[in-house]
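Contents: one structure, followed by commentary.
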Amino acid sequence: MEGFFSYIKALKEKIFSLQIPLEKRVTYAMVICAMMGELFGFVESLVIRLPVVAIILPLASCIFLLLLSIWGFKTENTNLFAKLSIGICALVLFPIMFFANAGLDGGMVFYLMLTIVAIALALHGKTRIIFFAISIVEDVALFLIYRRYPDLFITMPENEAFIDTVCSMLISCLVLFFFSYTVSKQNAHDREKIQYLSNLYEKQANTDELTGLFNRRYFNNFLKLAIATVGDSGSLHLAMFDIDDFKHVNDKYGHPFGDAVLKKFARILQEKENLGATACRYGGEEFLLLIPKKSRDEALEIVKQILHETRTTIDIEENRCITVSAGFITCSGSMNFEQTMEEVDKKLYLAKKAGKDRVIS
């Protein structure tokens, strides 16, 4: 018994998983509803001894729907499965069962209404409109025929008709609840997916692919805002780094090695984010580090520490290591973005000219 329930659970998760298209899940729900209705109709007709046609018809329909659901489970053509299933159930089986189950006195009217919901959820475009129009015309025609020619319909005792109506209503309510729940879950899943993709694309747009640091475009906007609010946020410092002799490193050891050096240096900068700093790969082997809310001496000490860590942790070969030069400035409220970048670039140039592996402030 435990194995049976495990199989049912696995089947449910496979059929009604959020990875399965919504149209297929809705179609399956309608087919299952139809199978339940037909099975119930068969048992009911057998118990109350309705005419043979009223007994055989729901049984044959139930078997047919079972075969249809098995095919739908295997096929990858969701659209065709939805069209066939809804077309057969909504436009053929349910109207026939309407005649066999006492017309408006039985419960088939609930299933007829249920098909409208399935059409709206599982079909698309012109197909949805065509099926909806045919279904409405067919339902109206059935109601009119029942009113004018009630003798064409197989009748059932009043008590059995009442039970049939109540059971059909309950089954339809359950399926409608499932439809609503499925759509709600799908919408929540889609919102989460959209949010995830939005965050991913935003991150890709704002970060450097190689190092994972912010890219130049993002950092420029961030720095402009920081400079504009320097009077409100307190002290603000900017350091520009350039890896010494990086072209020589690339030429001698290859670009993969050069990329590894860039990533290692980026990690050193990222560790300073714990101190409130913001790092950026500005281009090539140039990096920027924005340090807010620190005294000038504290910020300068952070930059010196970065130079020391680079020198001691990024080796090229025995007795050779990577070094960086840095320019350092403290931003003032009177400086704009262009002036700030020009000033820090000058300081970096002086550090390079003075012999590299140092910071000029």
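The values are calculated or read from the model by the stated rules, or taken from the named source; none is laboratory data. None of the values given here were measured: they were computed from a predicted structure. Because the Cβ atoms are built from the backbone with ideal geometry, glycine has one as well, and the counts that use them run over all protein chains shown. In case anyone asks, the SASA skips ligands and DNA or RNA and just uses the protein heavy atoms, side chains included. Shrake-Rupley method; radii C 1.70, N 1.55, O 1.52, S 1.80 Å.
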### Query
Looking only at residues in the stretch 218-244 that are over 20 Å from Lys293 (Cβ atoms) and modelled with pLDDT of 90 or more, which one is surrounded by the fewest Cβ atoms within 10 Å (Cβ to Cβ)?
Asp244
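Do we find a residue being closer than 18 Å to Val175 by Cβ and out of contact with any helix residue (DSSP H, G or I) (no Cβ under 7 Å at 6 or more places or on another chain) anywhere in the stretch 94-106?
Taking the stretch 94-106 first, the residues closer than 18 Å to Val175 by Cβ are 94, 97-98, 101, 106.
Then drop every residue that is not out of contact with any helix residue (DSSP H, G or I) (no Cβ under 7 Å at 6 or more places or on another chain), which leaves none.
Within the stretch 94-106 (the criterion being closer than 18 Å to Val175 by Cβ and out of contact with any helix residue (DSSP H, G or I) (no Cβ under 7 Å at 6 or more places or on another chain)), the answer is no, since none of the residues qualifies.
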### From the options Val92, Val53, Val31, residue that is under 22 Å from Val117 (Cα atoms) and in contact (Cβ under 8 Å) with a residue 40 or more places away in the chain
Val31
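Every residue in the stretch 256-270 that is in contact with a helix residue (DSSP H, G or I) (Cβ under 8 Å, 6 or more places away or on another chain) and either crowded, with 17+ Cβ neighbours inside 10 Å or of a type outside the set (Lys, Arg) (or both), please.
Residues satisfying the conditions are Phe257, Gly258, Val261, Phe265, Ile268, Leu269.
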#### Entry: Test: residue in the stretch 181-189 that is of a type in the set (Lys, Arg) and either open to solvent by less than 40 Å² (accessible area, probe 1.4 Å) or within 34 Å of the chain's Cα centre (by Cα) (or both)
yes
### So Ala141, is it small (Gly, Ala, Ser) and touching a strand residue (DSSP E or B) at 6+ places or on another chain (Cβ under 7 Å)
no
